[in-house]
Amino acid sequence: MELHKLFESQYTQLEKDIDAIAERINKLGGKTIGTTSEFSKLSSLKESPGKYPSSKDMIKELLKDHETVIQALRKDVEDCAEKLKDAGTADFLTGLMERHETTAWTLRRYFI
């Protein structure tokens, strides 16, 4: 039950973040994607269909995914601030990054 609640909180927060990201894109005049194939094509995270990891391995994989997102967001924050001079988006991405850092920290506690 503990893991169910952990994963539920993950996808609830991600759903909110996806909505906020779409709003930010629209505010800047961009077009948002909306299909599963578009998300899959543009994602830096890859799925592992047909694999059924243990609970511990599931958490490790989730932690690795959050760390991948954190690294990408750090670069994106820097690019927005320095190259694009877009402080608003840099701040927005910093907030996303901080939430992923908190989640990664929470997941690491399962291995202490």
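Quick notes on this one:
- Cross-chain or 6+ apart pairs with Cβ under 7 Å, segment 23-37 first and farther than 14 Å from LEU93 by Cα, then loosely packed, with under 10 Cβ neighbours inside 10 Å and of a type in the set (A, V, I, L, M, F, W, C): ILE33/LEU42
- Being closer than 18 Å to TRP105 by Cβ, touching a Phe, Trp or Tyr at 6+ places or on another chain (Cβ under 7 Å) and not in a loop (DSSP other than H, G, I, E, B) is a description that applies to ILE59.
- Residue ID - farthest from GLU98 (Cα to Cα), chosen from residues in segment 43-66 that are under 10 Å from the mean Cα position of the chain (by Cα) and surrounded by 15 or more Cβ atoms within 10 Å (Cβ to Cβ): ASP65
- Which listed residue, of PHE7, PHE39, is modelled with pLDDT under 95, assigned to a helix (DSSP H, G or I), out of contact with any helix residue (DSSP H, G or I) (no Cβ under 7 Å at 6 or more places or on another chain) and over 22 Å from THR106 (Cα atoms): PHE39
- Restricting attention to segment 11-36, the residues being assigned to a loop (DSSP other than H, G, I, E, B) and of a type in the set (A, V, I, L, M) number 2.
- Boolean, SER48 is closer than 22 Å to LEU6 by Cα and either of a type outside the set (Asp, Glu) or in a helix (DSSP H, G or I) (or both): yes
- Any hit, segment 15-29, residues being out of contact with any Phe, Trp or Tyr (no Cβ under 8 Å at 6 or more places or on another chain) and within 19 Å of LEU3 (Cα to Cα): yes
- Inclusion of LEU63 among residues that are at pLDDT 95 or above, among the hydrophobic types (A, V, I, L, M, F, W, C) and in contact with a Leu (Cβ under 8 Å, 6 or more places away or on another chain) is warranted.
- Restricting segment 95-107 to residues that are polar (S, T, N, Q) and within 12 Å of the chain's Cα centre (by Cα), the residue that is farthest from LYS64 (Cα to Cα): THR102
- When we screen GLU101, GLU47, GLU61, GLU67 for residues that are acidic (Asp, Glu), at negative phi, touching a residue at least 12 places away in the same chain (Cβ under 8 Å) and touching a Ser or Thr at 6+ places or on another chain (Cβ under 9 Å), the only hit is GLU61.
The values are calculated or read from the model by the stated rules, or taken from the named source; none is laboratory data. For clarity, every value in this text was computed on a predicted model and none was experimentally measured. Backbone-built Cβ (ideal geometry, glycine too); neighbour counts: all protein chains shown.
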